[in-house]
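Visitor: Questions regarding the structure given below will be posed in turn.
Rule-based calculations on the coordinates, nothing more; no lab input. Everything numeric in this text was worked out from a predicted model, so none of it was measured. Note: ideal-geometry Cβ built from the backbone for every residue, glycine included; neighbour counts use all protein chains shown.
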Amino acid sequence: MNWNNGMGYIRYIILPNNNNWQHILADSYSSETFTTKIKQDKKFLDSYDACVFKLISARAHHIFYQSESFGTILMDSVSFELEKFCLNYSKQYDGEIIVLKGHPECFDLYDIEIYINGVLVRKSINVAKELYNNAPEILKPMYSSYANTEIGQPSIFEELPYLIPFLNHFGWTEEFMDQKKWQAVTTNLD
């Protein structure tokens, strides 16, 4: 697996355990004049790289997902705003909704958004290019204390986390990400 294969264009959303996320997604963007449709894709992509390639090259809005013991991982491109979905989802279920948004300028770095009980409690801010350029040296050490960070007290190190230590914090490894468990849906959101 190539971790740098389009990493800067990918968003992960970590959802608490629940099988109802597709229904909440459709409801979040449907109105009297517009219905959000979600279609389960029949073609199964069996690797992380294949998913990333489809996300970057496709014009439609695809979401790849894996169900795990700790919840569901959604992976899509960052071209469509899903804040409304995250707010609606977090209103209905206990636990944090964690969103990692990648940057095309620096593939290993992500902004963090955290939603709890229908409220956005933390959102990264724009960070100067100097921090991008120095990020690996600056950010790698902060993950030993990430678990003890208070939600209301974001530090400069949380504004732009280094991806692999962050995923390792949640028990993710390259082997975990490349498991042949990715399923796909396509929406009519564009």
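Visitor: Please give, to one decimal in nm, the separation of the simple spin-label points placed at residue 47 and residue 18, each 7 Å out from Cα toward the Cβ.
Guide: So the label points at residue 47 and residue 18 sit 3.4 nm apart.
Visitor: Now a separate question. To the nearest 0.05, what FRET efficiency results for residue 37 and residue 83 with a Förster distance of 25 Å applied to their C-beta separation? Walk me through the numbers on the way to the answer.
Guide: Working: r = 20 Å, r/R0 = 0.81.
Efficiency for this residue pair is about 0.80.
Visitor: Compute the distance in nm between two label points, each set 7 Å from the Cα along the Cα-to-Cβ direction, one at residue 119 and one at residue 188.
Guide: Between residue 119 and residue 188, the label points sit 3.6 nm apart.
Visitor: 5 Å is the cut-off here: which amide hydrogens, built 1.01 Å from N in the peptide plane, fall below it relative to residue 68, excluding neighbours closer than 5 in sequence?
Guide: Here the answer is 73, since their amide H atoms fall under 5 Å of that of residue 68.
Visitor: Obtain the nm distance between the two label points defined at residue 181 and residue 58 by a simple spin-label model: each point lies 7 Å from its Cα along the Cα-to-C-beta direction.
Guide: Result for the modelled spin labels: 2.1 nm.
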